[in-house]
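Peer 1: Below are the structure tokens for one structure; questions will follow.
The values are calculated or read from the model by the stated rules, or taken from the named source; none is laboratory data. These numbers were taken from a predicted model, which means no experiment stands behind them. In this analysis, Cβ positions are derived from the backbone assuming ideal geometry, glycine residues included, and neighbour counts consider all displayed protein chains. Remember, those area values only see protein heavy atoms, side chains included, never the ligands or the DNA or RNA. Shrake-Rupley method; radii C 1.70, N 1.55, O 1.52, S 1.80 Å.
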Amino acid sequence: MKKSGKLAYQLCEPSLRRLELITRGGDFNQTAEYGRLMLQLDQKQIFTYEVDIANPDVTDLFALLQATAVFAFDVVIAVGGGSVLDLGKSIAGFRGLHFKHVKELREAIHSRAYLTNKQICRWIALPTTAGTGSEVTPWATIWDKSCDLKYSVDGSNLFAWAAIVDPLLTLSLPIRTSVISGLDAICHATEAYWSKNTNEVSRQYALRAFRSLVSNLAKLPDDPHNFEVRKEVALGSFMAGLAFSNTRTTACHSISYPITLLYGIEHGLAASMTLGKMMQWNEEKLIEKEQLLTAFGAASIEEVAAIVDRIYKKAGFARRLRDYDVPMDGLAQIVDRAYTKGRMDNYPKQIEKEELYELLLSVY
């Protein structure tokens, strides 16, 4: 993990004079971390844009592109959670492209215009949450709520130029957000481990992620300002990001998209709700199951679900879909929308709709 003090070194190139700074908004510009950041950006021209949203919509990306159209930035710095990093990554990819309407931006996302964009620029990630892994992956999630869709801005040219992971930036994060982000990271590691695209390297990253995340995530609610705990969670999230950047996610994430889109359940919760059941269902396909269980701290596959449940209970989260006002007749709608190409078919076992419905009933 790089220390934030390395940022000035990253920006020492004379050609990097104009910076687009995207921050998480709220009171971030009143924090000591913001003050230290601005000291390192001294003598640079900076356009600052605050983002106080979760799950960025295509309209949010369009507004950001419009706001920065007159500022010819050389590099993007994104300081915030996954939503901020995804927007920073996307604006770097679409730099120099102009859209009159949201419809044109939708078309550019579908055509993947950022893959051939000659004006694309570098971007630097400073995550303030530990969970999304966006700082080490080449894709960003952009939602389209008016069309009930989720887009992926995705290309090998979208990897961050530098990922500066500083656990100090996570200390002020609310416990709810911290734990939800960590649950997302556990899903990243688990799905990387069993993915059809799994490999020895991604599994080693995943195992390291489990060892840092599982026990420390359970400690956070009781000791939120413990730097060592925050450091381990940040390290686990980083390792999980490296793991699934090689493999992509699978069924748990695919199912989570309509749950979040239709019912507003936070992504980390929506993804982790089915994790235990999916692992039980997939047991026969697991490679070196015993080392996975050891890293997870579980004696059996069934205990994985119990461990996730304990994290939920410790943080005060409800565990079942009905507790989040999902109606029974909404399960069929979730099933119909759960088969995201490249995600559901990345799960080792084929899942029929009837089977998926039964699985959702088990967590309802």
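Peer 1: Under the condition of being surrounded by fewer than 22 Cβ atoms within 10 Å (Cβ to Cβ) and touching a residue at least 24 places away in the same chain (Cβ under 8 Å), which residue from segment 167-177 is farthest from residue 334 (Cα to Cα)?
Peer 2: To start, the set of residues in segment 167-177 that are surrounded by fewer than 22 Cβ atoms within 10 Å (Cβ to Cβ) comprises 167-168, 171-177.
Okay, now just the ones that are also touching a residue at least 24 places away in the same chain (Cβ under 8 Å), so 167-168, 171-173, 175-177.
On the way: 167: 36, 168: 38, 171: 35, 172: 34, 173: 31, 175: 28, 176: 25, 177: 24 Å.
Going through the qualifying residues, I end up with 168.
Peer 1: Quick check on segment 278-301: of everything there that is free of Cβ contacts under 8 Å to residues at least 24 places away in the same chain and in contact with a helix residue (DSSP H, G or I) (Cβ under 8 Å, 6 or more places away or on another chain), which residue is most open to solvent (accessible area, probe 1.4 Å)?
Peer 2: Within segment 278-301, the first condition is being free of Cβ contacts under 8 Å to residues at least 24 places away in the same chain, and the residues that meet it are 283-284, 289-290, 293-294, 298-301.
Narrowing further to those that are in contact with a helix residue (DSSP H, G or I) (Cβ under 8 Å, 6 or more places away or on another chain): 283, 289, 293, 298-301.
Numbers: 283: 62, 289: 59, 293: 5, 298: 14, 299: 86, 300: 39, 301: 3 Å².
For segment 278-301, the residue satisfying everything is 299.
Per-residue answers, yes or no, for (1) modelled with pLDDT of 95 or more; (2) of a type in the set (A, V, I, L, M, F, W, C):
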site: 223; (1), (2): no, no
site: 228; (1), (2): yes, no
site: 232; (1), (2): yes, no
site: 246; (1), (2): no, no
site: 250; (1), (2): yes, no
site: 253; (1), (2): yes, no
site: 260; (1), (2): yes, no
site: 273; (1), (2): yes, yes
site: 289; (1), (2): yes, no
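Peer 1: May I pose another question? Considering segment 216-235 alone, what residues qualify as being open to solvent by 50 Å² or more (accessible area, probe 1.4 Å) and in contact with a Pro (Cβ under 8 Å, 6 or more places away or on another chain)?
Peer 2: Matches in segment 216-235: 227, 231.
Peer 1: Then there is this: Taking the condition surrounded by 19 or more Cβ atoms within 10 Å (Cβ to Cβ), under 24 Å from residue 32 (Cα atoms) and either of a type in the set (A, V, I, L, M) or free of Cβ contacts under 8 Å to residues at least 12 places away in the same chain (or both), does residue 180 pass? Please lay out each step first, then the result.
Peer 2: Numbers: surrounded by 19 or more Cβ atoms within 10 Å (Cβ to Cβ): yes; under 24 Å from residue 32 (Cα atoms): no; either of a type in the set (A, V, I, L, M) or free of Cβ contacts under 8 Å to residues at least 12 places away in the same chain (or both): yes.
In short, no.
Peer 1: Separate question: Please go through (1) in contact (Cβ under 8 Å) with a residue 60 or more places away in the chain; (2) surrounded by 20 or more Cβ atoms within 10 Å (Cβ to Cβ); (3) of a type in the set (D, E, K, R) for residue 148 and return the number of the only condition it doesn't satisfy.
Peer 2: (2)
Peer 1: Further question on the same structure: Go through (1) open to solvent by less than 10 Å² (accessible area, probe 1.4 Å); (2) of a type in the set (A, V, I, L, M); (3) under 19 Å from residue 184 (Cα atoms) for residue 331 and report which single condition fails.
Peer 2: So the condition that residue 331 fails would be (3).
Peer 1: Answer with yes or no whether residue 310 is open to solvent by 60 Å² or more (accessible area, probe 1.4 Å) and either modelled with pLDDT of 95 or more or under 23 Å from residue 260 (Cα atoms) (or both). Break it down stepwise before answering.
Peer 2: Working: open to solvent by 60 Å² or more (accessible area, probe 1.4 Å): yes; either modelled with pLDDT of 95 or more or under 23 Å from residue 260 (Cα atoms) (or both): yes.
Here the answer is yes, as residue 310 does meet what is asked.
Peer 1: Quick one: would you say residue 236 is within 12 Å of residue 206 (Cα to Cα), modelled with pLDDT of 95 or more and under 17 Å from the mean Cα position of the chain (by Cα)?
Peer 2: Numbers: within 12 Å of residue 206 (Cα to Cα): yes; modelled with pLDDT of 95 or more: yes; under 17 Å from the mean Cα position of the chain (by Cα): yes.
Yes: the conditions hold for residue 236.
Peer 1: Follow-up question, since we're still on this one. Pairs only if they're at least six apart or on different chains, beta carbon under 6 angstrom, first in segment 236-265 and on the phi > 0 side of the Ramachandran plot and open to solvent by 10 Å² or more (accessible area, probe 1.4 Å), second part of a helix (DSSP H, G or I) and modelled with pLDDT of 95 or more; list them, first residue then second.
Peer 2: 248/346
Peer 1: Can you tell me which residue in segment 334-362 is nearest to residue 141 (Cα to Cα), limited to those that are in contact with a Leu (Cβ under 7 Å, 6 or more places away or on another chain) and buried (at least 18 other Cβ atoms within 10 Å of the Cβ)?
Peer 2: 338
Peer 1: Could you please let me know if residue 274 is within 19 Å of residue 359 (Cβ to Cβ), buried (at least 17 other Cβ atoms within 10 Å of the Cβ) and touching a residue at least 24 places away in the same chain (Cβ under 8 Å)?
Peer 2: Working: within 19 Å of residue 359 (Cβ to Cβ): yes; buried (at least 17 other Cβ atoms within 10 Å of the Cβ): yes; touching a residue at least 24 places away in the same chain (Cβ under 8 Å): yes.
For residue 274, the condition - within 19 Å of residue 359 (Cβ to Cβ), buried (at least 17 other Cβ atoms within 10 Å of the Cβ) and touching a residue at least 24 places away in the same chain (Cβ under 8 Å) - is met.
Peer 1: When you scan segment 98-117, do you find a residue that is surrounded by fewer than 16 Cβ atoms within 10 Å (Cβ to Cβ), on the phi < 0 side of the Ramachandran plot, modelled with pLDDT under 95 and hydrophobic (A, V, I, L, M, F, W, C), even just one?
Peer 2: Within segment 98-117, none of the residues are surrounded by fewer than 16 Cβ atoms within 10 Å (Cβ to Cβ), on the phi < 0 side of the Ramachandran plot, modelled with pLDDT under 95 and hydrophobic (A, V, I, L, M, F, W, C).
Peer 1: For a quick check of your reading: which helices (runs of 4 or more DSSP H) sit entirely within segment 4-95 and have at least 2 residues that are modelled with pLDDT under 90 and open to solvent by 30 Å² or more (accessible area, probe 1.4 Å)? Working first, answer last.
Peer 2: Details: elements: 7-10, 32-40, 58-67, 82-93.
In segment 4-95, 7-10, 32-40 are the helices (runs of 4 or more DSSP H) which contain 2 or more residues that are modelled with pLDDT under 90 and open to solvent by 30 Å² or more (accessible area, probe 1.4 Å).
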